[in-house]
1. From the list 111, 138, which residue is touching a His at 6+ places or on another chain (Cβ under 7 Å) and assigned to a helix (DSSP H, G or I)?
2. Quick one: which of 131, 121, 153 is surrounded by 14 or more Cβ atoms within 10 Å (Cβ to Cβ) and over 22 Å from residue 75 (Cβ atoms)?
3. Report yes if some residue within region 140-162 is at pLDDT 95 or above and of a type in the set (S, T, N, Q); otherwise report no.
4. Within region 14-24, is there a residue that is farther than 17 Å from residue 108 by Cα and at pLDDT below 95?
5. What residue, among those in region 52-85 that are within 17 Å of residue 12 (Cβ to Cβ) and of a type in the set (Ser, Thr, Tyr), is modelled with the highest pLDDT?
6. Which residues, counting only those in region 124-135, are assigned to a loop (DSSP other than H, G, I, E, B), over 14 Å from residue 11 (Cβ atoms) and touching a strand residue (DSSP E or B) at 6+ places or on another chain (Cβ under 9 Å)?
7. Name the one entry in 144, 103 that is in a helix (DSSP H, G or I), touching a residue at least 60 places away in the same chain (Cβ under 8 Å) and surrounded by 16 or more Cβ atoms within 10 Å (Cβ to Cβ).
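The values are calculated or read from the model by the stated rules, or taken from the named source; none is laboratory data. The shown structure was predicted, so the numbers you read here are calculated from the model rather than taken from an experiment. When we count neighbours, we look across all protein chains shown, and the Cβ atoms used for this are built from the backbone with ideal geometry, even at glycine.
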Amino acid sequence: MKNLILITVGIAVLDQLTKQMIVRNLDQCGFGFCDSIELLSFLKLILLYNDGAAFSILSDAGGWQRWFLSAVSFAVSCFIFFWILRLNSSERLLGFALATILGGAIGNLIDRVLLGHVVDFILLHYGNLYFPTFNVADTAISIGAILLIIEMFYKKKGRNGHGKNT
(Lines give C-alpha, C1' and ligand atoms only; values in the text may rest on other atoms or scores of the structure.)
Protein backbone atom coordinates (compact mmCIF):
# COMPACT_ATOMS: atom_id res chain seq x y z
CA MET A 1 0.00 0.00 0.00
CA LYS A 2 2.74 2.43 0.98
CA ASN A 3 4.50 1.77 -2.35
CA LEU A 4 1.36 2.70 -4.29
CA ILE A 5 1.07 6.00 -2.44
CA LEU A 6 4.75 6.70 -3.15
CA ILE A 7 4.19 5.98 -6.86
CA THR A 8 1.17 8.30 -6.89
CA VAL A 9 3.01 11.12 -5.13
CA GLY A 10 6.14 10.57 -7.24
CA ILE A 11 4.21 10.92 -10.49
CA ALA A 12 2.38 14.05 -9.31
CA VAL A 13 5.65 15.63 -8.14
CA LEU A 14 7.50 14.72 -11.36
CA ASP A 15 4.62 16.15 -13.37
CA GLN A 16 4.66 19.43 -11.46
CA LEU A 17 8.46 19.76 -11.60
CA THR A 18 8.59 19.20 -15.37
CA LYS A 19 5.77 21.70 -15.93
CA GLN A 20 7.54 24.32 -13.80
CA MET A 21 10.76 23.76 -15.73
CA ILE A 22 8.99 24.26 -19.05
CA VAL A 23 7.06 27.34 -17.90
CA ARG A 24 10.30 28.94 -16.66
CA ASN A 25 12.21 28.24 -19.87
CA LEU A 26 9.76 28.56 -22.76
CA ASP A 27 7.30 31.21 -23.88
CA GLN A 28 3.71 30.11 -24.45
CA CYS A 29 2.78 29.28 -28.02
CA GLY A 30 0.39 31.60 -29.72
CA PHE A 31 -0.56 32.85 -33.16
CA GLY A 32 1.72 30.46 -35.03
CA PHE A 33 4.96 31.22 -33.19
CA CYS A 34 6.42 28.98 -30.54
CA ASP A 35 9.56 28.67 -28.56
CA SER A 36 10.45 25.02 -28.82
CA ILE A 37 13.23 22.62 -28.07
CA GLU A 38 13.62 19.83 -30.59
CA LEU A 39 14.81 16.73 -28.78
CA LEU A 40 14.40 14.29 -31.66
CA SER A 41 13.14 14.63 -35.22
CA PHE A 42 9.66 13.62 -33.99
CA LEU A 43 9.70 15.08 -30.47
CA LYS A 44 9.61 18.70 -29.35
CA LEU A 45 9.09 20.53 -26.10
CA ILE A 46 6.73 23.50 -26.39
CA LEU A 47 4.50 25.38 -23.96
CA LEU A 48 0.73 25.24 -24.38
CA TYR A 49 -2.07 25.86 -21.91
CA ASN A 50 -5.14 23.64 -22.12
CA ASP A 51 -8.28 25.18 -20.63
CA GLY A 52 -10.35 22.11 -21.49
CA ALA A 53 -10.26 18.37 -21.03
CA ALA A 54 -8.40 15.80 -23.12
CA PHE A 55 -7.65 17.00 -26.66
CA SER A 56 -8.82 20.50 -25.57
CA ILE A 57 -12.48 19.45 -25.43
CA LEU A 58 -14.46 22.30 -23.80
CA SER A 59 -11.47 24.66 -24.02
CA ASP A 60 -13.66 27.45 -25.40
CA ALA A 61 -16.56 26.93 -22.96
CA GLY A 62 -16.17 30.30 -21.26
CA GLY A 63 -14.54 29.39 -17.93
CA TRP A 64 -17.12 27.24 -16.17
CA GLN A 65 -15.25 24.11 -17.33
CA ARG A 66 -12.37 24.86 -14.93
CA TRP A 67 -14.45 24.09 -11.87
CA PHE A 68 -16.54 21.38 -13.49
CA LEU A 69 -13.44 19.48 -14.67
CA SER A 70 -11.76 20.08 -11.29
CA ALA A 71 -14.77 18.63 -9.47
CA VAL A 72 -14.92 15.59 -11.76
CA SER A 73 -11.17 15.04 -11.42
CA PHE A 74 -11.36 15.35 -7.63
CA ALA A 75 -14.27 12.90 -7.42
CA VAL A 76 -12.54 10.36 -9.68
CA SER A 77 -9.30 10.77 -7.71
CA CYS A 78 -11.13 10.08 -4.44
CA PHE A 79 -12.79 7.02 -5.97
CA ILE A 80 -9.43 5.66 -7.18
CA PHE A 81 -7.75 6.42 -3.85
CA PHE A 82 -10.37 4.45 -1.90
CA TRP A 83 -10.19 1.66 -4.49
CA ILE A 84 -6.44 1.44 -3.89
CA LEU A 85 -7.05 1.24 -0.14
CA ARG A 86 -9.28 -1.81 -0.64
CA LEU A 87 -6.85 -3.77 -2.83
CA ASN A 88 -5.33 -7.05 -1.77
CA SER A 89 -1.55 -7.24 -1.71
CA SER A 90 -1.75 -9.80 -4.55
CA GLU A 91 -3.34 -7.23 -6.90
CA ARG A 92 -0.02 -5.65 -7.86
CA LEU A 93 -0.71 -4.82 -11.51
CA LEU A 94 -4.09 -3.32 -10.69
CA GLY A 95 -2.55 -1.32 -7.86
CA PHE A 96 0.25 0.02 -10.07
CA ALA A 97 -2.25 0.91 -12.81
CA LEU A 98 -4.48 2.79 -10.38
CA ALA A 99 -1.53 4.55 -8.72
CA THR A 100 -0.26 5.86 -12.09
CA ILE A 101 -3.74 7.05 -13.07
CA LEU A 102 -4.18 8.73 -9.69
CA GLY A 103 -0.77 10.41 -9.83
CA GLY A 104 -1.54 11.82 -13.27
CA ALA A 105 -5.01 12.93 -12.27
CA ILE A 106 -3.63 14.75 -9.23
CA GLY A 107 -0.91 16.41 -11.33
CA ASN A 108 -3.44 17.83 -13.77
CA LEU A 109 -5.89 18.68 -10.98
CA ILE A 110 -3.24 20.82 -9.28
CA ASP A 111 -2.78 22.78 -12.53
CA ARG A 112 -6.48 23.22 -13.10
CA VAL A 113 -7.20 24.47 -9.57
CA LEU A 114 -4.13 26.69 -9.13
CA LEU A 115 -3.66 27.97 -12.70
CA GLY A 116 -7.05 27.58 -14.36
CA HIS A 117 -5.54 25.45 -17.11
CA VAL A 118 -3.31 22.42 -17.61
CA VAL A 119 0.27 22.92 -18.78
CA ASP A 120 1.09 20.72 -21.79
CA PHE A 121 4.55 20.58 -23.32
CA ILE A 122 5.35 17.29 -25.09
CA LEU A 123 4.70 17.37 -28.83
CA LEU A 124 5.03 14.27 -30.99
CA HIS A 125 4.90 14.65 -34.75
CA TYR A 126 5.78 13.01 -38.02
CA GLY A 127 6.30 15.56 -40.75
CA ASN A 128 3.14 17.70 -40.72
CA LEU A 129 1.13 15.18 -38.68
CA TYR A 130 0.90 16.25 -35.04
CA PHE A 131 -0.39 14.39 -32.00
CA PRO A 132 -2.08 16.65 -29.42
CA THR A 133 0.39 18.13 -26.95
CA PHE A 134 0.49 16.38 -23.57
CA ASN A 135 2.45 16.20 -20.31
CA VAL A 136 3.85 13.72 -17.75
CA ALA A 137 0.47 13.42 -16.02
CA ASP A 138 -1.26 12.52 -19.30
CA THR A 139 1.43 9.93 -19.98
CA ALA A 140 0.94 8.36 -16.55
CA ILE A 141 -2.84 8.27 -17.02
CA SER A 142 -2.44 6.62 -20.43
CA ILE A 143 0.02 4.01 -19.12
CA GLY A 144 -2.27 3.30 -16.17
CA ALA A 145 -5.28 2.91 -18.48
CA ILE A 146 -3.39 0.46 -20.70
CA LEU A 147 -2.32 -1.54 -17.66
CA LEU A 148 -5.91 -1.50 -16.38
CA ILE A 149 -7.11 -2.96 -19.70
CA ILE A 150 -4.39 -5.62 -19.56
CA GLU A 151 -5.45 -6.45 -16.00
CA MET A 152 -9.09 -6.75 -17.08
CA PHE A 153 -8.23 -9.18 -19.89
CA TYR A 154 -5.96 -11.14 -17.56
CA LYS A 155 -8.71 -11.52 -14.97
CA LYS A 156 -11.31 -12.40 -17.61
CA LYS A 157 -9.01 -15.06 -19.04
CA GLY A 158 -8.51 -16.48 -15.54
CA ARG A 159 -12.26 -16.59 -14.84
CA ASN A 160 -12.94 -18.45 -18.08
CA GLY A 161 -10.53 -21.18 -17.09
CA HIS A 162 -8.11 -20.47 -19.92
CA GLY A 163 -5.38 -19.19 -17.69
CA LYS A 164 -4.40 -18.69 -14.11
CA ASN A 165 -5.88 -15.89 -12.08
CA THR A 166 -3.51 -15.08 -9.25
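1. Details: 138 fails: touching a His at 6+ places or on another chain (Cβ under 7 Å).
Answer to the check: 111.
2. Details: 131 fails: surrounded by 14 or more Cβ atoms within 10 Å (Cβ to Cβ); 153 fails: surrounded by 14 or more Cβ atoms within 10 Å (Cβ to Cβ).
Answer to the check: 121.
3. Yes, because at least one residue in region 140-162 is at pLDDT 95 or above and of a type in the set (S, T, N, Q).
4. We begin by selecting, within region 14-24, every residue farther than 17 Å from residue 108 by Cα; these are 24.
With at pLDDT below 95 added as a condition, the list becomes 24.
Yes: one or more hits.
5. Within region 52-85, the match that is modelled with the highest pLDDT is 77.
6. Of the residues in region 124-135, the ones assigned to a loop (DSSP other than H, G, I, E, B) are 127-128, 131-133, 135.
Still in the running and over 14 Å from residue 11 (Cβ atoms): 127-128, 131-133.
Those that are assigned to a loop (DSSP other than H, G, I, E, B), over 14 Å from residue 11 (Cβ atoms) and touching a strand residue (DSSP E or B) at 6+ places or on another chain (Cβ under 9 Å): 131, 132, 133.
7. On the way: 144 fails: touching a residue at least 60 places away in the same chain (Cβ under 8 Å).
Result: 103 is the single residue among 144, 103 that is in a helix (DSSP H, G or I), touching a residue at least 60 places away in the same chain (Cβ under 8 Å) and surrounded by 16 or more Cβ atoms within 10 Å (Cβ to Cβ).
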